[in-house]
């Protein structure tokens, strides 16, 4: 075979090369706005917060110095911070199971009923779309120790209601109750979607296989097939609960005597009341670490157990 | 045909959804050890009938007997039926062995004994569990699943999942075995292979089997008897051969057979002589009036004289040739062995003939009409 009949690869190369470079330039140009927005709005502020956490910077101060892990060492001995960390853990520990199990139970009831599905869904979803600061004033009235309807109701049955928001042993329970109320509608909608995704044939198969009770049906079909939904709901609810701030700020302002301070509230206090931005950034990092740890746990460990295959 | 003691018998089964009647008084019997295929187009009510027999749905009227016992008021768990679903409906979180064990565990163990950690410690659990494990092993081996017992359904191919569904249904030796389009999610090659395996399994298990399909090839190849259903009614229940050669209804004739049976408008004169376009045929039928004459594609032939038609296209299928023709307004299909390919171009004018004994006559109501063939010399009179 003569060489002259083969196409010359060297001649075609420059044109192809040119074309590839033009395409690469166009690709970068098109993604530039998104890259800029990401860097300016997310990456730089996060890095700035991380950097601040290792300084003693205070708002308005002329200079700052690097103090390494000093802020974190202080956090370890800060009783106020430890109290707020403990409160946050308590809040998540009550709100996550409460709003998840509650939402699941409601979703099963609504799904089993023949009518009013949309109505109930809308009613339970209302807290999610309403403004939580405005709703907090409603709660303030409901939970008021003397004029509030809740204690009035308790008095009717001969029980002296506690001071829901101003006694240190009740305040976290009250806030957690409001937290469940806030989250349950959102979780309910997710569970309802998850339930409709379970194939009807699975329930038919379970019936033919000898499943006779509602509990057996739930154990054999509903709960396992709802696994991916439950994992997602768990992740979302825990992250939303760790972030609790507005109800605390409006209803108790951390009181009484710091009994209801939570993580984000402490961060806000340190940063915007005492202007200790470095210390506040250190709390932010702790918060970030908790959220990342939760996400890691859920995607890496639990994910394998709910996506069968 | 009387159902044996351990067969399925349904009588006058009716199911309505609102105003719409999906089943209109269906009666059907499947004898012990018999394999009946229920075939019909989508939405004809065949899956509804199956769900009623399984006990997943309740009829508005009629009775269901399984194994000689009236099970109409019983729920699915209390009937002695097993079912294979189109989607297989395996439990995704359980292994193959656990999936197959579910119907046994649900019946033999108490709710406490089935609890994950505590259950095995309770009295009687171990013995019952041992029996179940042995039976699961046996069912798995019968279906070639022994090596896959620890896998989850997500790790199996479509064909393997289908076997697991079969094993789960057969493990407790039910009196009635129901299959709802079990092959429709498999690819074509696997479907043909699995067809034979299911027939084999049926022979070994020997229980009354009702098999729902929309695929007439499955129905004809697998079943002892075929039940053709349309619009909530059973049109005919007969052997595959009888369904094909001797359909009782025009809808059965047109539904079964591919390509579709040819139909020609005809009429019977006052003497009962059948005519097409005024031309008398060597066929007699008792009642005069309009008729439909149906002929399978392989029973039409090219002739010197007869019905004039124009050739439109020729299709080569390998084992046969299909000639697509048009006689007046009616499209016709003629099947020939490939070596008899005629030297004809599209648009050629031909004449068609047929053996009158092969012609099927149907009245305007779609019901079959009797036909009698005249001897050739009689036709000359």
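The values are calculated or read from the model by the stated rules, or taken from the named source; none is laboratory data. All of these numbers come straight from a predicted model, not from anything done at the bench. Here Cβ is always computed from backbone atoms with ideal geometry, including for glycine, and neighbour counts include all displayed protein chains.
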Check your understanding: Does at least one position in region B:13-23 carry a residue that is touching a residue at least 40 places away in the same chain (Cβ under 8 Å) and within 18 Å of residue B:179 (Cβ to Cβ)?
Key -> no
Study note, to complete from the structure: The condition from (1) more than 11 Å from chain A (Cβ to nearest Cβ); (2) touching a residue at least 40 places away in the same chain (Cβ under 8 Å) that residue B:58 misses is numbered (2)
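Table: residues versus (1) farther than 29 Å from residue B:210 by Cβ; (2) at pLDDT 90 or above; (3) loosely packed, with under 14 Cβ neighbours inside 10 Å; (4) assigned by TED's automatic domain parsing to the domain that holds residue B:79.
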| position | (1), (2), (3), (4) |
| --- | --- |
| B:124 | yes, no, yes, yes |
| B:127 | yes, no, yes, yes |
| B:132 | no, no, no, yes |
| B:141 | no, no, yes, yes |
Check your understanding: Pick from region A:236-255 the residues that are part of a helix (DSSP H, G or I) and buried (at least 19 other Cβ atoms within 10 Å of the Cβ): which of them is farthest from the chain's Cα centre (by Cα)?
Key -> A:251
Practice item. Check off (1) touching a strand residue (DSSP E or B) at 6+ places or on another chain (Cβ under 6 Å); (2) at pLDDT below 90 for residue B:279 and give me the number that stays unchecked. Key: (1)
Review point. Do you know which residues across region B:65-82 are more than 14 Å from chain A (Cβ to nearest Cβ), buried (at least 16 other Cβ atoms within 10 Å of the Cβ) and outside any loop (DSSP other than H, G, I, E, B)?
Key: B:65
Revision key, fill the gap. Region B:117-234: strands (runs of 3 or more DSSP E) wholly inside it with 2 or more residues that are within 14 Å of chain A (Cβ to nearest Cβ) and in contact with a strand residue (DSSP E or B) (Cβ under 8 Å, 6 or more places away or on another chain) are B:176-180, B:208-213
Exercise for review: Of the numbered conditions (1) in contact with a helix residue (DSSP H, G or I) (Cβ under 9 Å, 6 or more places away or on another chain); (2) free of Cβ contacts under 8 Å to residues at least 40 places away in the same chain; (3) assigned by TED's automatic domain parsing to the domain that holds residue B:338, residue B:235 fails exactly one; give the number of that condition.
Suggested key: (3)
Exercise for review: Return a yes/no flag: does region A:42-56 have any residue that is in contact (Cβ under 8 Å) with a residue 12 or more places away in the chain, part of a loop (DSSP other than H, G, I, E, B) and over 29 Å from the mean Cα position of the chain (by Cα).
Suggested key: yes
Check your understanding: Restricting attention to region A:146-162, which residues are assigned to a loop (DSSP other than H, G, I, E, B) and either under 31 Å from the mean Cα position of the chain (by Cα) or exposed (fewer than 15 other Cβ atoms within 10 Å of the Cβ) (or both)?
Key -> A:146, A:147, A:148, A:157, A:158, A:159, A:160, A:162
Practice item. Using the structure shown, decide if residue B:253 is closer than 30 Å to residue B:211 by Cα and touching a strand residue (DSSP E or B) at 6+ places or on another chain (Cβ under 8 Å). Key: yes
Review point. Among the residues of region A:243-256, is there at least one that is out of contact with any helix residue (DSSP H, G or I) (no Cβ under 6 Å at 6 or more places or on another chain), in contact (Cβ under 8 Å) with a residue 40 or more places away in the chain and either within 13 Å of chain B (Cβ to nearest Cβ) or at positive phi (or both)?
Key: no
Check your understanding: Based on what the data block shows, is residue A:165 in contact (Cβ under 8 Å) with a residue 40 or more places away in the chain, buried (at least 17 other Cβ atoms within 10 Å of the Cβ), part of a loop (DSSP other than H, G, I, E, B) and touching a helix residue (DSSP H, G or I) at 6+ places or on another chain (Cβ under 6 Å)?
Key -> yes
Check your understanding: Any chance region B:304-314 includes a residue that's in contact with a strand residue (DSSP E or B) (Cβ under 8 Å, 6 or more places away or on another chain) and closer than 27 Å to residue B:221 by Cα?
Key -> no
Exercise for review: For region B:237-273, name all the residues that are under 16 Å from the mean Cα position of the chain (by Cα) and more than 25 Å from residue B:288 (Cα to Cα).
Suggested key: B:237, B:238, B:239, B:240, B:241, B:242, B:243, B:244, B:255, B:256, B:257, B:258
Review point. Is it true that some residue in region B:353-376 is without any contact (Cβ under 8 Å) to a residue 24 or more places away in the chain, touching a strand residue (DSSP E or B) at 6+ places or on another chain (Cβ under 6 Å) and within 23 Å of residue B:236 (Cβ to Cβ)?
Key: yes
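Identify, please: which residue in region B:83-104 is part of a helix (DSSP H, G or I) and in contact (Cβ under 8 Å) with a residue 40 or more places away in the chain and is, among those, farthest from the other protein chains (Cβ to nearest Cβ)?
Among residues in region B:83-104 that are part of a helix (DSSP H, G or I) and in contact (Cβ under 8 Å) with a residue 40 or more places away in the chain, the one farthest from the other protein chains (Cβ to nearest Cβ) is B:97.
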Exercise for review: Tell me, please, whether a residue that is closer than 27 Å to residue B:337 by Cβ and outside any strand (DSSP E or B) can be found in region B:260-270.
Suggested key: yes
Point to revise | Residues of region A:169-202 that turn out to be surrounded by fewer than 17 Cβ atoms within 10 Å (Cβ to Cβ) and either within 14 Å of chain B (Cβ to nearest Cβ) or within 30 Å of residue B:171 (Cβ to Cβ) (or both), as a count | key: 5
Review point. Among the residues of region B:308-336 satisfying the criterion of being over 26 Å from residue B:279 (Cβ atoms) and surrounded by fewer than 14 Cβ atoms within 10 Å (Cβ to Cβ), which is farthest from the chain's Cα centre (by Cα)?
Key: B:313
**Study point:** Residue satisfying all of: in region A:203-215; part of a helix (DSSP H, G or I) and within 7 Å of another protein chain (Cβ to nearest Cβ); surrounded by the most Cβ atoms within 10 Å (Cβ to Cβ) among these
**Key:** A:205
